[in-house]
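The next block holds one structure in the form of structure tokens; read it before the comments.
The values are calculated or read from the model by the stated rules, or taken from the named source; none is laboratory data. Everything numeric here is computed off the predicted structure, so don't read it as measured data. Neighbour counts run over all protein chains shown; Cβ positions are idealised from the backbone, glycine included. In case anyone asks, the SASA skips ligands and DNA or RNA and just uses the protein heavy atoms, side chains included. Shrake-Rupley method; radii C 1.70, N 1.55, O 1.52, S 1.80 Å.
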Amino acid sequence: MTVTSDSPEVAVVRLRRARRALITSHASPDGDAIGSELALAELLEHLGVAPEIVNRDPAPSYLGQLPGVDRIRVAPRVTDEELDRFDLVVTVECPGLNRPGLDRLDRRPILNIDHHLANPGYGEVNYLDEHSPAAGEMVWKMFGAAGVVPSPAAATNAFVALSTDTGDFRFTNATGRAFRAAAEMVDAGASPAQVSSWVHESRSASSVRLLGEALKTLTLGRNGELATMAVDPEAYRRAGALPQDSEDLVTVPRSIAGVRAVALLKQWQPGVVRVSLRSKGDLDVRSVASAYGGGGHTNAAGCTVHGDLGAVRADLTRRLDALLEETT
């Protein structure tokens, strides 16, 4: 029987039945994905469940100092033999089972934890709350439901998840609920100053060089309402950068006065373009990502498109232009 609820208790009840759980999140993980996974791993250990975190892609470099981040295993696939070691798979912030980029996860029962509106409830148990500001906040509520006191490390990881997914509490999901959870996390040992230093003042030199490469491609359209940037394999090579060095570049053009929609296109392998979309106000860039098989939130979404970088950029610009036209 499938269970779907916005109550953290349903997730905790399912976890208590497990013995060994595989935790994963979406490909190209962000702060909410990584922070949630690490906090969740601590909760599982308190419940007597052995956790293992496996992601297809490494964490962005700015998250490299999070407590416990070195426990995350990066692997392009999980074999059937490896999956058979687990009696539960926990997906975090994955609105579709394809989002982790790891095949055949449904060989095992799935606990699906997500705050995306479009999540279809693909798990045996689905803890879904579209009103939650971040998956990390949902995991945080699970500690309370389980009667487990989080350590300062868990509070820190949950705070990273919450603060990054709300854009340092600047996005529309920075609700009262978000601030109440943040206060609890700080009281439990999270340091906003330390997290801010990790996230905003620990960039690698290569990521800064990559930002320079991206800014060379910056184009403004629709009288300054639309900003697009693109980084190709040569840009990564010149900057000496890795794919994870490009995860937060999209925030820079979003800061331009008058810009309502932003697209960052990233290509580090032939024929595959990763797209990050951002917007302001009620402009729903998730609708554009969905047209390419992606998803996300109103103001932050993404997708993967197969094709030529220039052609994808042109088509994406056309779709965003049309979206802006509709909302003028």
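What number of residues in region 198-212 are open to solvent by 40 Å² or more (accessible area, probe 1.4 Å) and either among the small types (G, A, S) or not in a helix (DSSP H, G or I) (or both)? Selection size over region 198-212: 3. For F143, the conditions (1) closer than 14 Å to P8 by Cβ; (2) under 20 Å from the mean Cα position of the chain (by Cα); (3) open to solvent by less than 10 Å² (accessible area, probe 1.4 Å) are fulfilled apart from (2). Apart from one condition, G258 fits all of (1) touching an Asp or Glu at 6+ places or on another chain (Cβ under 7 Å); (2) surrounded by fewer than 16 Cβ atoms within 10 Å (Cβ to Cβ); (3) more than 17 Å from G221 (Cα to Cα); (4) small (G, A, S); the exception is (3). Screening the candidates T298, T228, T304, T251 for the property of being more than 24 Å from C94 (Cβ to Cβ) and polar (S, T, N, Q) yields one hit, T228. Within region 40-69, residues that are on the phi > 0 side of the Ramachandran plot reach partners that are assigned to a helix (DSSP H, G or I) with beta carbons closer than 6 Å, at six or more positions or on different chains, in the pairs G68/L38. I'd like to check something: does region 154-173 contain any residue that is more than 28 Å from L265 (Cα to Cα) and either among the β-branched types (V, I, T) or open to solvent by 30 Å² or more (accessible area, probe 1.4 Å) (or both)? Yes, region 154-173 contains at least one residue that is more than 28 Å from L265 (Cα to Cα) and either among the β-branched types (V, I, T) or open to solvent by 30 Å² or more (accessible area, probe 1.4 Å) (or both). Being touching a helix residue (DSSP H, G or I) at 6+ places or on another chain (Cβ under 8 Å) and not in a loop (DSSP other than H, G, I, E, B): is that true of A263 here? Criteria met by A263.
Listed residues D232, D168; which is closer than 28 Å to L44 by Cα, of a type in the set (D, E) and touching a helix residue (DSSP H, G or I) at 6+ places or on another chain (Cβ under 9 Å)? On inspection, the qualifying residue turns out to be D168. Scan region 309-318 for residues that are under 26 Å from L97 (Cα atoms) and either free of Cβ contacts under 8 Å to residues at least 60 places away in the same chain or under 14 Å from the mean Cα position of the chain (by Cα) (or both) and the total you get is 1.
Residues that are closer than 23 Å to R319 by Cα, loosely packed, with under 15 Cβ neighbours inside 10 Å, free of Cβ contacts under 8 Å to residues at least 12 places away in the same chain and out of contact with any Phe, Trp or Tyr (no Cβ under 8 Å at 6 or more places or on another chain) do occur in region 283-296, at least one of them.
Criterion applied to L88, L44, L63 was being in contact with a strand residue (DSSP E or B) (Cβ under 9 Å, 6 or more places away or on another chain), within 20 Å of E137 (Cα to Cα) and surrounded by 18 or more Cβ atoms within 10 Å (Cβ to Cβ), and the one residue passing it is L44. Which members of region 174-197 meet the condition of being part of a helix (DSSP H, G or I) and open to solvent by less than 30 Å² (accessible area, probe 1.4 Å)? Selection gives A178, A181, A182, M185, V195.
State all residues of region 284-328 that are in a loop (DSSP other than H, G, I, E, B), touching a strand residue (DSSP E or B) at 6+ places or on another chain (Cβ under 6 Å) and within 18 Å of L220 (Cα to Cα); if no residue qualifies, say none. Selection gives V285 alone. Of the residues making up region 219-243, just one is crowded, with 20+ Cβ neighbours inside 10 Å and of a type in the set (S, T, N, Q), namely T228. Residues in region 108-140 that are open to solvent by 50 Å² or more (accessible area, probe 1.4 Å) and over 16 Å from V54 (Cα atoms) were compared, and the one that is farthest from the chain's Cα centre (by Cα) is E124. Could you please let me know if R77 is closer than 30 Å to G167 by Cα, of a type outside the set (D, E) and part of a loop (DSSP other than H, G, I, E, B)? Spelling it out, it is not the case that R77 is closer than 30 Å to G167 by Cα, of a type outside the set (D, E) and part of a loop (DSSP other than H, G, I, E, B).
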